[in-house]
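Let me begin by presenting the structure, written as structure tokens, before commenting on it.
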Amino acid sequence: MQKYTVFSLLSTLSPGEMKEFSRFIRSPFFNGRKEAAEYFLIVKRHYPDFGGKNFTAEYIYGKMYPGKQFQPQAVRRLNSYLLKLLKEYMSYKGLKNDSFYFDLSLSIQLSERGLYKHSQRQLTYTDKKHSSSKSDYEFYFWKRYLIERQKNSLHSFAGNDHLASAAIIERTNMFANHTAVVACKSLISLLINEKNFGTEFISEDFYALTGKLDLDDYIKSLEAKGSIFYPVIAAEYYQAMSLLNPGNNSFFGKFKAVIESGLDMFSYIEKINFYTIFEAVCMLKIEKGEVKYSKDLFEAYRQMLQKGLCSYSPGGKFILRIFRNIVHTAVLVKKTGWLEKFIDDYAPSLPDPSQNNMKNLAEAMLQFEKGNFGVSLKKLNSIDYDLFHFKIDLKNLQIRLYYELGYTEELISAIDSYRHFIAASKYISPRYKIMCSGFINNTSKLIKAKSSGSEDEVLWLKAKIHKTNGALYRDWFIEKLAAL
């Protein structure tokens, strides 16, 4: 019976939700089939695993219909009823948990019944309740649009069209704000999708619709008239433009000012998202050889730490990806003393399954920067490779360690293994595959130049690495070539 979808969904319910669903399914308003409620009472005894020797269609049927001959189609029908009710329960629960739509729908229902005064009272309550909620502004502007639309409709229903002017203007303003925010967020999503999966976002329908919008002029008009929403929409716009135009320092400067402003108008998770995009912009610049932006990135990470923006919820576990990126950036700007304290202070806050592995990687990278290659390798070898997410980091550090320690055979074997790993992986973006392949090729040429002793070969490789945008560990290669 485990193959049925209904039991997969039931197993996700908490004990409290199971009790709630029991009340839901017994209500004649929600469930007109008494046998579905009876069936649920029998199968819920097998919660949460819904398995075991007695959890079979024949056994359950016997409990449901004692003395009757087993009919598999009857069990399938009951599972279908139960699944339908479970989906309705989840939909109802989701709607009830979102108080905005619950409140607004009541105003709409009242107005459709001609109870305009009651509808207006409910709408005023909804408007006041949700007018200042700090959240994702994409949804905030949309909810404000829906409120103003209901105000407009209510005036029309009541025959007071002459009173609708303010609602019409506010409705269109909220729609414009929503459109601007969605356009910025969507352009970011399309670009990230292009970078990760090689799709060309300018060929998409959305870009054909919005690509020629003069959002810059719209932002300036909001600023000129002193709109209270200017800081919000400007923040969304400058982060999008910085990512789409990483070479434009004017956009970057304005985005950096947005980050440094504190982002107080945004929710906790939105603040993290802004820093994530700032991180991406800095990385694009660094990949193009503009290493000076690693200092901006490092300062942004320090701000995140000071503001407690390194977990998915305040006081939660440290986000693994952010921890890893902070370590890389601290290494890049040569802040080894700071990094040592960071690891000690924040590694205990990492999620338990990955805590030891990530701490060992961070300490391995730190020891590498200090020149303690043997200690670094020992830390690296203590990581559980099969359970660790950042396998590329392991391989990149392992190869450099083998070179530093003179482990030539191990180095050649590691390079070969890395090539196969890159070629076989479905989860590495095409852009990063190119960068990793470049690192492998440069390492192979470094080994060759070292063994040949040819000065021309060293100078040629040095010039090539200098010219290559996005060359991984450029400074390390230059240092090793200089030593030759």
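Since every read-out is calculated from the coordinates, none of them should be taken as a lab result. As the structure is a prediction and not an experimental result, all values here were calculated from the model. Note: ideal-geometry Cβ built from the backbone for every residue, glycine included; neighbour counts use all protein chains shown.
From Cα coordinates alone, what are the radius of gyration and Dmax values for the stretch 315-407 in angstrom?
My reading of the Cα-based Rg and Dmax gives 12.6, 45 Å.
When the C-alpha atoms of the stretch 390-484 are aligned to their principal axes, what extent does each axis show, in angstrom, from largest down?
That works out to 39, 29, 17 Å along the principal axes.
On the principal axes of its Cα set, how long, how wide and how thick is the stretch 47-192? Give whole Å, largest value first.
72, 48, 23
At H389 and D216, where each label point lies 7 Å from the Cα along Cα→Cβ, what is the point-to-point distance in nanometres?
3.7
With N set to the number of residues, divide the alpha-carbon radius of gyration of the stretch 334-384 by 2.2 N^0.38 Å and report two decimals. Numbers along the way, then the final one.
Values: Rg = 10.7 Å, N = 51, 2.2 N^0.38 = 9.8 Å.
So the Cα radius of gyration is 1.09 times the expected 2.2 N^0.38 Å.
May I ask you to sort V258, V181 by Cβ crowding, counting other Cβ atoms within 10 Å and putting the fewest first? Spell out each step's value before the answer.
Numbers: V258 20, V181 24.
Fewest to most other Cβ atoms nearby, the residues stand as V258, V181.
What's the magnitude of the charge dipole for the stretch 390-484 around its Cα centre, counting Lys and Arg as +1 and Asp and Glu as -1 at the beta-carbon? Answer in Debye, nearest 20. Could the numbers behind the result be given before it?
Details: 15 positive and 10 negative charges, 101 e Å.
About 480 debye.
Once you have the Cα-Cα distance between L209 and K93, take 0.36 nm times their residue separation minus that, and quote the gain in nm to one decimal. Numbers along the way, then the final one.
Working: separation 116, 0.36 × 116 = 41.76 nm, distance 3.61 nm.
Value of the extension gain: 38.1 nm.
What does the extension gain come out to for Y230 and I42, with contour length at 0.36 nm per residue minus their alpha carbon separation?
Values: separation 188, 0.36 × 188 = 67.68 nm, distance 5.79 nm.
Working it through step by step, the gained length comes to 61.9 nm.
Tell me, R113, R77, R144 in order of fewest to most beta-carbon neighbours within 10 Å?
Numbers: R113 10, R77 15, R144 22.
Final ranking by Cβ density, sparse to dense: R113, R77, R144.
Can you tell me, using C-alpha contacts under 8 Å and at least 6 residues apart, the relative contact order of the chain as a whole percent?
Details: 418 pairs, mean separation 37.1, N = 484.
After rounding, I find 8 percent.
Mind listing the long-range amide H neighbours of F318? Cut-off is under 5 Å, sequence gap 5 or more, other chains count too, H placed in the peptide plane at 1.01 Å from N.
Close amide H contacts, sequence-distant or interchain: L350.
Which loop-located trypsin sites (Lys or Arg not before Pro) does the stretch 217-275 contain, where loop means any DSSP state but H, G, I, E or B and the Cβ has at most 12 other Cβ atoms within 10 Å? Kindly include the intermediate steps, with their values, before the conclusion.
Numbers: sites: K220, K225, K254, K256, K271; in loops: K225.
Passing both the DSSP loop test and the Cβ count: K225.
For the stretch 292-378, which trypsin sites (Lys or Arg not before Pro) are both in a DSSP coil and crowded by at most 14 other Cβ atoms within 10 Å? Show your work: numbers first, answer last.
Numbers: sites: K292, K295, R302, K307, K317, R321, R324, K334, K335, K341, K359, K370, K378; in loops: K292, K317, K334, K335, K370.
Counting only loop positions with at most 14 other Cβ atoms within 10 Å, the trypsin sites (Lys or Arg not before Pro) in the stretch 292-378 are K292, K334, K370.
Just want the ordering: F477, F21, from fewest to most Cβ atoms lying within 10 Å of their own Cβ.
Working: F477 23, F21 20.
Ordered by Cβ neighbours within 10 Å, fewest first: F21, F477.
For the stretch 5-97, taking Cα atoms only, what is the radius of gyration to one decimal and the Dmax to the nearest whole Å?
Both quantities, over Cα of the stretch 5-97: 13.2, 44 Å.
Would you kindly state how much longer the chain becomes between E35 and S189 on full extension, computed as 0.36 nm times their sequence separation minus their alpha carbon distance, in nm to one decimal?
Once the chain is fully extended between E35 and S189, it gains 50.7 nm.
Relative to the Cα centre, what is the charge dipole magnitude of the chain, using +1 at the beta carbon of each Lys and Arg, -1 at the beta carbon of each Asp and Glu, and rounding to the nearest 20 debye? Write down the numbers at each step before the final one.
Working: 67 positive and 51 negative charges, 281 e Å.
Dipole size: approximately 1340 debye.
Mind giving me the nanometre distance, one decimal, between the label points for E112 and H466, set 7 Å out from Cα along Cα→Cβ?
7.3
By Kyte-Doolittle mean hydropathy of at least 0.0 and Cα axial length of at least 27 Å, which whole DSSP H helices of the chain are selected? The partial results should precede the final answer.
Numbers: long enough: 72-97 (37 Å, -0.59); 137-157 (29 Å, -0.95); 165-197 (47 Å, 0.50); 268-287 (29 Å, 0.63); 430-452 (33 Å, -0.35).
Membrane-span-like by this criterion, though nothing is claimed about a membrane: 165-197, 268-287.
Could you list, in their original order, any pairs among K295/K433; K288/K464; K379/K445; K341/K433; K379/K462; K295/K450 whose Cα atoms are separated by more than 21 Å?
Going by Cα-Cα distance, K295/K433; K379/K445; K341/K433; K379/K462; K295/K450 fall outside the 21 Å limit.
Apply the a/c threshold of 1.5 to the C-alpha gyration tensor of the stretch 1-43 and tell me whether it is rounded, prolate or oblate. It would help to have the intermediate numbers written out before the result.
Details: a/c = 2.24, a/b = 1.34, b/c = 1.67.
Taking the square roots of the gyration eigenvalues as a ≥ b ≥ c, the stretch 1-43 is oblate.
With +1 assigned to the C-beta of every Lys and Arg and -1 to the C-beta of every Asp and Glu, and no other charges, what is the dipole magnitude of the stretch 1-128 about the Cα centre in debye, to the nearest 20?
So the magnitude is around 340 debye.
Tally Lys/Arg at +1 and Asp/Glu at -1 over every other residue whose Cβ is under 10 Å from the Cβ of I343; what's the total? Please report the intermediate quantities before stating the final value.
Details: positive: K341, K359; negative: E340, D344, D345, E363.
Summing Lys/Arg as +1 and Asp/Glu as -1 gives -2.
Give me the distance in nm between label points sitting 7 Å out from Cα along the Cα-to-Cβ direction at S429 and V375, one decimal.
3.5
Within straight cross-link reach of K151, meaning Cα distance under 19 Å, which lysines are found once same-chain residues fewer than 8 apart are removed?
K117, K128, K129, K143
Given the -39500 (n - 2.57) contribution per DSSP H run of 4+ residues, what per-residue ellipticity at 222 nm results for the chain, rounded to the nearest 500 deg cm²/dmol? Can you show the working numbers first?
On the way: 24 runs with 352 residues, N = 484.
Computed ellipticity for the chain at 222 nm equals -23500 deg cm²/dmol.
Under the Kirkwood approximation for Rh and a Cα-based Rg, what ratio Rg/Rh is obtained for the chain? Before the final figure, lay out each step's value.
On the way: Rg = 29.8 Å, Rh = 27.8 Å.
Here the Rg-to-Rh quotient is 1.07.
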